[in-house]
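Asker: Take this structure, written in structure tokens, and hold onto it; I'll ask about it next.
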Amino acid sequence: MFPLQSPQMLQMLEKSLKKGLPESLKVYGTVFHINQGNPFQLKALVDKWPDFNTVVVRPQEQEMTDDLDHYTNTYQIYSKDLKSCQESLALSDVINWKQHLQIQSSQSSLDEVIQSLAAAKSVQVKKTQCILYMMPQTAKKLVPFLLDTKNLHSESRAPRVMNQEMFKVSSLDVTHAALVNKFWHFGGNERSQRFIERCILAFPSSCLLGPEGTPVSWALMDQTGEMRMAATLPEYRAQGLVSYVISTQTQAQEKLGFPVYNHTDRANKVIQKMSQSLHHVPMPCDWSQWNCVPL
């Protein structure tokens, strides 16, 4: 596999990936942000060009210096042909299987390919599968056929009115990373905190500051353009604050022309209910992540 170097090729790739939506969403979102200045220093590789079968997006080698940092050592994959995908990845050194890493995709059908490659490389795999949502305005722009066939809303619904005397809309500061890290389901360690700090510095974020002037609810985005890590402090829950923050963050990303999407754990019925009330559009494909650890 080889990297696409020129801006023209990367723009062409973005347009091609758009045709593969919603299954290409995780890779489409990442390539979109590469074309918006590439703050995470990522590169896109293809098996052939221009009629590619498989795309892998990954950091530059100089970024992946910590073998235990799977937050940095993250790969996004999309493929139109699973057989050729397995061959391309088996015959190349695109994925460094000697490191702790994670692979993300909106194609759960990649599971067989990843499990097979990992077994050949003596790597242990843990798969996480979640519900994938797109915000209504993004869905209207990128996958209008889904809205038509399922008779879904193409406009977001406004969240509950917030107590503006008690809470103030703001954005996260890098000093808030430890707080975000504490409540992030996939975080809670030193490496995840560094990743969160990087996301806060590189991308738009939203939060509500409470009476003490510190965040009580927040949402931010990662290098794939996905809205992630949204949470509310336990003592402020059940007031509709996170839906307010998610609406604010959605508007900020849409203003910049970014595609807006997120995922939710299948067991998290509270957030699913909130997504439904805000008219988020459930995708027919899943959000999948494979955490890989060499044995």
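Asker: So which residues in the range 164-210 are among the hydroxyl-bearing types (Ser, Thr, Tyr), more than 19 Å from VAL242 (Cα to Cα) and either part of a loop (DSSP other than H, G, I, E, B) or open to solvent by 20 Å² or more (accessible area, probe 1.4 Å) (or both)?
Answerer: THR175, the sole residue that qualifies.
Asker: Yes or no: LEU146 in a helix (DSSP H, G or I) and surrounded by 19 or more Cβ atoms within 10 Å (Cβ to Cβ)?
Answerer: Numbers: in a helix (DSSP H, G or I): yes; surrounded by 19 or more Cβ atoms within 10 Å (Cβ to Cβ): no.
No; evaluated as a whole, the condition is false for this residue.
Asker: So, in the range 17-71, how many residues would count as being open to solvent by less than 40 Å² (accessible area, probe 1.4 Å) and basic (Lys, Arg)?
Answerer: Matching residues across the range 17-71 total 3.
Asker: Taking into account only those residues within the range 250-292 that are in a loop (DSSP other than H, G, I, E, B) and of a type in the set (A, V, I, L, M, F, W, C), which is surrounded by the most Cβ atoms within 10 Å (Cβ to Cβ)?
Answerer: VAL260
Asker: Of the residues ILE95, ILE103, ILE77, which single one is open to solvent by less than 20 Å² (accessible area, probe 1.4 Å), of a type in the set (Val, Ile, Thr) and either in a loop (DSSP other than H, G, I, E, B) or at positive phi (or both)?
Answerer: That would be ILE95, the only listed residue that is open to solvent by less than 20 Å² (accessible area, probe 1.4 Å), of a type in the set (Val, Ile, Thr) and either in a loop (DSSP other than H, G, I, E, B) or at positive phi (or both).
The values are calculated or read from the model by the stated rules, or taken from the named source; none is laboratory data. The shown structure was predicted, so the numbers you read here are calculated from the model rather than taken from an experiment. Neighbour counts are summed over all protein chains in view; Cβ atoms, including those assigned to glycine, are modelled from backbone coordinates with ideal geometry. Remember, those area values only see protein heavy atoms, side chains included, never the ligands or the DNA or RNA. Shrake-Rupley method; radii C 1.70, N 1.55, O 1.52, S 1.80 Å.
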